Amino acid sequence: MKGVILTVDPSATIVDITHHIDPQDILSAAYMLRASYRFFPKKTVHVSVVDPGVGSKRDIVALKKSGHIFVAPDNGILTPILEEGQIDSVVTVENPDFFLDILSQTFHGRDIFAPVAGHLSRGVALGELGSRKDPQRLKRLTTATPYLSSRGELVGMIISIDRFGNLITNIGAADLERMNRRQLETLPTIRIAEYTIRGISSSYQHVPHQTPLAIVGSRGYLEIAVNCGSAKDYFKAQKGEVIRLSC
Amino acid sequence: MKGVILTVDPSATIVDITHHIDPQDILSAAYMLRASYRFFPKKTVHVSVVDPGVGSKRDIVALKKSGHIFVAPDNGILTPILEEGQIDSVVTVENPDFFLDILSQTFHGRDIFAPVAGHLSRGVALGELGSRKDPQRLKRLTTATPYLSSRGELVGMIISIDRFGNLITNIGAADLERMNRRQLETLPTIRIAEYTIRGISSSYQHVPHQTPLAIVGSRGYLEIAVNCGSAKDYFKAQKGEVIRLSC
Amino acid sequence: MKGVILTVDPSATIVDITHHIDPQDILSAAYMLRASYRFFPKKTVHVSVVDPGVGSKRDIVALKKSGHIFVAPDNGILTPILEEGQIDSVVTVENPDFFLDILSQTFHGRDIFAPVAGHLSRGVALGELGSRKDPQRLKRLTTATPYLSSRGELVGMIISIDRFGNLITNIGAADLERMNRRQLETLPTIRIAEYTIRGISSSYQHVPHQTPLAIVGSRGYLEIAVNCGSAKDYFKAQKGEVIRLSC
């Protein structure tokens, strides 16, 4: 992919956001993308190739928002970006003038996403890639959003686990606002499996070494961590596991 | 290595092709190199440092072909490149003017390959690095080529396993041509250990989820895959394992 | 971090030295930094974010030495750099004009180190970041230095294990000078657990395949290796394990 991008746009600066998304894990990739894109310069082209549907009839789309451009399969990976709103425009990527001449059936990242990104980086307009698409019609992941249970608990899940063993949930700052704010600052209870953590810490250091804590992490989402340890090991936790938050 | 390259040529753009070659696995590196180089811009310098012979008497060579330059130990890693033919020239890298001043015995990647690549990137001619060498005299890996058995089977092997668990073989498109082409399009049989796969699919999606398939992958070689799963786990497969293809 | 650096200095060239430091392993990071910095061009900004104290009161410092700039937490990671001497100047990084507007409590790498590095790369002077600090007052790791035992053994430890399974110690060339040099060139004895290696080899190839050896590696430190094998597996070795060298 990088060779293709640099062939199209030799002046491109290429950054890998991550190579640690598990195969086919669209949900985790979606949150990673939302957490990172705004730290890049305007006009950055963000290319997401978590693409288990490669070779099937799934569309590829290009989306413009707040000066950033996203190129991705229409498989739900843009869900958190779409939820932020303020979408400028979306097109279906379908103009083969911007693809490699020979397309494989298994790696459109190299054959379509990369050359398209190179052309966008050089200044090609979104409209040249294909026809406009209504952002409302893009596929969305329904599992991506935490909800309030009938018992008044905020129910989310573990979306990804980083290399430190921190458990990153889909419970964002805006979700926490839904809870009783005054209580939250004192002693909300976070439940993971049979364990309970009381209160949200403001730094890893606020609890003793090897002690678990909850914290709003640098991505803007609630994380379960262990100070100088691994929450993944401590809780034997896995992606998809439910997290319940109550006051 | 990157620090050294940028010291010699501050304008160089550096791309990592892979850091997932197993230690000393020259064969896997050789196929990776052949699969990727042509997607890079002309004049790219491709540096391969899978170099178990570092510190011994093995040569280092620089090779020019189709506008690309390769710098590698003469240990067989260039075998698939050599098999493509159309070699412009090869030299032995021996002029210490282009090396670091102090050479370690364990990391010529940093001390020789990197500064030589930086100088080539700046435009130094191949001939300045050392004396010409006959491409026919470069070391070749004999295990690299599939063959037709006496029973008419095309016999290859698993060369590498990617992070999705796909099993990449050394059976290329040209090898498949050796088979009866008409039959191939209908129902060739691919055998791996005691398993049998019938037919070559044109996309992962052509079989149900978690079902194995054979496909010509994006590198141009026959791969054994499992749709949205891991063929490595499914077949408990290992590198070096034999793959048999018959009609 | 890379997005932030490029936002501040779009012309920056960014290189990852390593992503294979174990979480919180300041000691291993410290040696990696010392081993690599001098191979980068002068004026390089070296950013080290092994930062278990993030969110606590630890300082962040910027240090200038031999034309290189280092940005790091004051947690001992600069110990081997400080031991080399020739420090030009050190400042405490405290001027929020060079930070992101909103600081997280868990990822100062992105919010402070990265924008500061971007500004340094653009030419901002060290003195603009904060007040001067006496290099003698920077935190140092006491475990970092090998010592001569009462029995005349040079006692060091395994600092890191690379992906080939080589065991990299903290015993450097200067430490070996402390030993009886003439004897060293003949037959020093290296002890690791209950094993003994006799003599220091000058290349991996000087012993048979799968045989252990001691060698001064490319980082300038004594390493225990196995020719075309893994010393980590051979010795079941772990970081922190003691290495004893006698004549």
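The values are calculated or read from the model by the stated rules, or taken from the named source; none is laboratory data. As the structure is a computational prediction, the values presented were derived from the model and not from experiment. Glycine gets a Cβ as well: all are built from the backbone with ideal geometry, and neighbour counts include every protein chain shown. In case anyone asks, the SASA skips ligands and DNA or RNA and just uses the protein heavy atoms, side chains included. Shrake-Rupley method; radii C 1.70, N 1.55, O 1.52, S 1.80 Å.
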Original post:
Just for the stretch C:148-167: of the residues that are over 19 Å from C:MET179 (Cβ atoms) and among the charged types (D, E, K, R), which one is surrounded by the most Cβ atoms within 10 Å (Cβ to Cβ)?
Top reply: C:ASP162
**OP:** Kindly indicate whether any position in the stretch B:197-204 is modelled with pLDDT of 95 or more, open to solvent by less than 60 Å² (accessible area, probe 1.4 Å), within 13 Å of chain A (Cβ to nearest Cβ) and within 30 Å of B:THR142 (Cβ to Cβ).
**Re:** no
**OP:** Please enumerate the residues belonging to the stretch C:209-239 that are open to solvent by 40 Å² or more (accessible area, probe 1.4 Å), away from chain B (no Cβ under 12 Å) and either under 10 Å from C:LEU167 (Cα atoms) or of a type in the set (Val, Ile, Thr) (or both).
**Re:** C:THR211, C:GLN238, C:LYS239
**OP:** Test each condition in (1) modelled with pLDDT of 95 or more; (2) within 14 Å of another protein chain (Cβ to nearest Cβ); (3) closer than 23 Å to B:THR7 by Cβ; (4) open to solvent by less than 20 Å² (accessible area, probe 1.4 Å) for C:PRO73 and report the one that comes out false.
**Re:** (3)
Subject >> Condition check for A:ARG219: part of a strand (DSSP E or B) and not β-branched (Val, Ile, Thr) >> reply: no
**OP:** Could you tell me which of the residues C:VAL45, C:VAL71, C:VAL8, C:VAL50 is touching a Gly at 6+ places or on another chain (Cβ under 8 Å) and under 29 Å from A:PRO41 (Cα atoms)?
**Re:** C:VAL8
Subject >> Test result for B:VAL54, of a type in the set (Val, Ile, Thr) and more than 14 Å from every other protein chain (Cβ to nearest Cβ) >> reply: no
Subject >> Residues (outside any helix (DSSP H, G or I), without any contact (Cβ under 8 Å) to a residue 60 or more places away in the chain and open to solvent by 40 Å² or more (accessible area, probe 1.4 Å)) located in the stretch C:115-144 >> reply: C:GLY123, C:ALA125, C:SER131, C:ARG132, C:ASP134
Original post:
Which ones in the stretch A:168-178 are open to solvent by 10 Å² or more (accessible area, probe 1.4 Å) and within 13 Å of chain C (Cβ to nearest Cβ)?
Top reply: A:ALA173
Original post:
Only one of C:THR13, C:THR106, C:THR7 is within 9 Å of another protein chain (Cβ to nearest Cβ) and crowded, with 22+ Cβ neighbours inside 10 Å; which?
Top reply: C:THR106
Subject >> B:LEU63 being more than 12 Å from chain C (Cβ to nearest Cβ), touching a strand residue (DSSP E or B) at 6+ places or on another chain (Cβ under 9 Å) and farther than 30 Å from C:ALA35 by Cβ >> reply: yes
**OP:** Kindly indicate the residue of the stretch A:94-114 that is not in a loop (DSSP other than H, G, I, E, B) and not charged (D, E, K, R) and also nearest to B:SER203 (Cα to Cα) among those meeting that condition.
**Re:** A:HIS108
